[in-house]
């Protein structure tokens, strides 16, 4: 087991370094930020001087080496706009993103798992068919649209919830719902199909033949088997949610990493973008790492090997 | 009547798939006496498993239906029994061993957790008593280091061991009737012999009845008192085991016996019955075996043969008809 954890952790590091590399080169292809910080009529030698100052005139590979050398030590440079530590700025936005992601995930799980189980148990009934139709709708609705609709009804028309901003639990409601909608739909469908699959298994028949009542059969003997594949799905979604629900954060002016990243990209504030990508990639990889360990825990066949 | 534990009378089962309906079981009649081992033989698709699942009340609720007949267990009609009451019988008075030991145990629960279930459901016992009972039964079925096994998971055991665990699961409720659906088919030959011997011993010790479903006549000869031969959802012959092997009346039974390999005839190709069991939707009028029967004559294709009784030997074939004047 320890062997497995160490190997798997090594992968986390590789994934993060690769993500940083890819984003570093992609962002440089899009040009350098110097012109954005100088007046449009700045003389050429001043631009060159500025490039020299920031180190953008060196060969790309040298810049990359320099960046990586500092990045692995946690130094992503200073924000080009505010001259503050880039990583520090990103980290200060993490709590807001966490708050939103975790509440969305919890809401999604609380709704989706019972719904999926019930849908599977009552398969091909009206309940199941309506449920499946709703999950398709849920997955198809773009979050910017759902966000705007929610703002329109609850903030603009009914005036019972704030349209944006952060800080209190009330501010959390609409962005959480917006963000959770997609995960609810995904988890419900997945739980349903995993459950249907498990209910057909021989060992479920064995449990029935032992006289296990239906409720216990489903909630104990079938559910634990169905949850194994769902863990992976939850980890993937949590990674996405934590990695900055960019659109939702922008729509609701939520002060999280996603919105910061969006603004920094617009401003070509490279150090912040790279620090943000570093954090997101790290979180994403770590969440998946934890999911794999958890997966091994619930599935004894992996644990023992 | 009181020495009969299970009586199945004119059982007809219907399956629905979409708008189509098929009848995999058409008028099955048999009974098992207390302490008796009844073998049910037949090829795949002959309806053996469906019949046994009907006795357990484990047929899929939505797609299947018992359209006529009755199943009487220990004086109680099971045919229209509510699930709530049926549950009290399963794992308690009737238990079942399935064909596939590899997939019949839940992979994410320990052996102990799974074995405690029939006791939790049916007996009022403390945790400690349950554990003691489980260890006793596991030891009885020949599982070494039972105290450790109960904390292990199914994938840590071999196929033969898992089938022993399945047998102990079926034994825990001290059932009056045990149904074994091809219990040795998935095991290799040496393990098969061990499991069969185990089942025989256990049946004797617990004085229960055994319904043994198999397609292996060797197993039948070894284990059973009486045999029911099923073909395409109908019973074609019933006899005491010795009588059946000595004097098979139905051409299908004869075919099955002839298909057995014997030690001495290595030179010849093994006999096989030509053709395949008709699917439930391919059943036409006349005898169901007529299209594969080497002795079939015109009447066989026209009319369903009547049930013939010769003492305790029952068969369903025109050849046994006393006024079989057309036979050459």
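Values in this text are rule-based calculations from the coordinates and carry no lab data. Predicted model, so just to flag it, every value in this text is computed and none were measured. Neighbour counts run over all protein chains shown; Cβ positions are idealised from the backbone, glycine included.
Data for the structure
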{"item": "Shape call, region A:46-93: gyration tensor on alpha carbons, a/c limit 1.5", "result": "oblate"}
{"item": "Inter-centroid distance (Cα atoms) of region A:122-154 relative to region A:19-46, Å", "result": "42 Å"}
{"item": "Estimated distance in nm for a label pair at residue B:148 and residue A:144, the labels positioned 7 Å out from Cα along Cα-to-Cβ", "result": "6.3 nm"}
{"item": "Rounded if a/c under 1.5, otherwise prolate or oblate - region A:217-305, Cα gyration tensor axes", "result": "oblate"}
{"item": "Kirkwood-based shape ratio for region A:1-156, expressed as Rg/Rh from alpha carbons", "result": "1.14"}
{"item": "Segment residue B:225-residue B:65, length gained on full extension (0.36 nm per residue, minus Cα span)", "result": "54.5 nm"}
{"item": "Ellipsoid equivalent to chain B - semi-axes via the Cα gyration tensor, in Å", "result": "37, 23, 18"}
{"item": "Share, in percent, of DSSP beta bridges within the protein assembly as shown that are antiparallel, nearest 5", "result": "65 percent"}
{"item": "Centroid-to-centroid separation of region A:218-295 and region B:54-78 [C-alpha atoms, Å]", "result": "52 Å"}
{"item": "Rg/Rg_globular for region B:85-158, with Rg_globular taken as 2.2 N^0.38 Å and Rg from C-alpha atoms", "result": "1.11"}
{"item": "GNM top mover of B:88, B:48, B:62 - chain B, alpha-carbon springs below 10 Å", "result": "B:62"}
{"item": "Neighbouring partner chain Cβ atoms per residue of A:194-206, average, 10 Å criterion", "result": "4"}
{"item": "Viscosity 0.890 mPa s, temperature 25 °C, Stokes-Einstein D of the protein assembly as shown from Kirkwood C-alpha radius, µm²/s", "result": "82 µm²/s"}
{"item": "Stokes-Einstein diffusion coefficient of region A:2-71, Kirkwood radius over Cα pairs, 10 °C, 1.306 mPa s, in µm²/s", "result": "110 µm²/s"}
{"item": "Tensor-based shape of region B:24-127 (alpha-carbon gyration tensor, a/c under 1.5 rounded, otherwise prolate or oblate)", "result": "prolate"}
{"item": "Label-point gap, in nm, between residue A:62 and residue A:84 - each point 7 angstrom along Cα→Cβ", "result": "3.3 nm"}
{"item": "GNM result for chain B, Cα springs below 10 Å: residue of B:61, B:258, B:303 fluctuating most strongly", "result": "B:61"}
{"item": "Mean projection area, nm², convex hull over Cα of region A:126-250", "result": "9.8 nm²"}
{"item": "FRET efficiency estimate (nearest 0.05) - Cβ-Cβ, residue A:294 to residue B:272, R0 60 angstrom", "result": "0.70"}
{"item": "Radius ratio Rg over Rh of region B:1-46, counting only Cα atoms, Kirkwood formula for Rh", "result": "1.11"}
{"item": "Residue-averaged beta-carbon neighbours from other chains (10 angstrom radius) around B:152-160", "result": "2"}
{"item": "Rg over Rh, two decimals, chain A (C-alpha only, Kirkwood Rh)", "result": "1.07"}
{"item": "Other protein chain Cβ atoms within 10 Å, averaged over every residue that makes up B:104-113", "result": "5"}
{"item": "Which of A:145, B:318 has the fewest Cβ neighbours within 10 Å, and the rest in rising order", "result": "A:145, B:318"}
{"item": "Which of B:284, A:188, A:21 has the fewest Cβ neighbours within 10 Å, and the rest in rising order", "result": "B:284, A:21, A:188"}
{"item": "B:72, A:234 arranged by Cβ crowding within 10 Å, fewest neighbours leading", "result": "B:72, A:234"}
{"item": "Highest-fluctuation residue, B:54, B:170, B:136 considered, GNM on chain B with Cα pairs under 10 Å", "result": "B:136"}
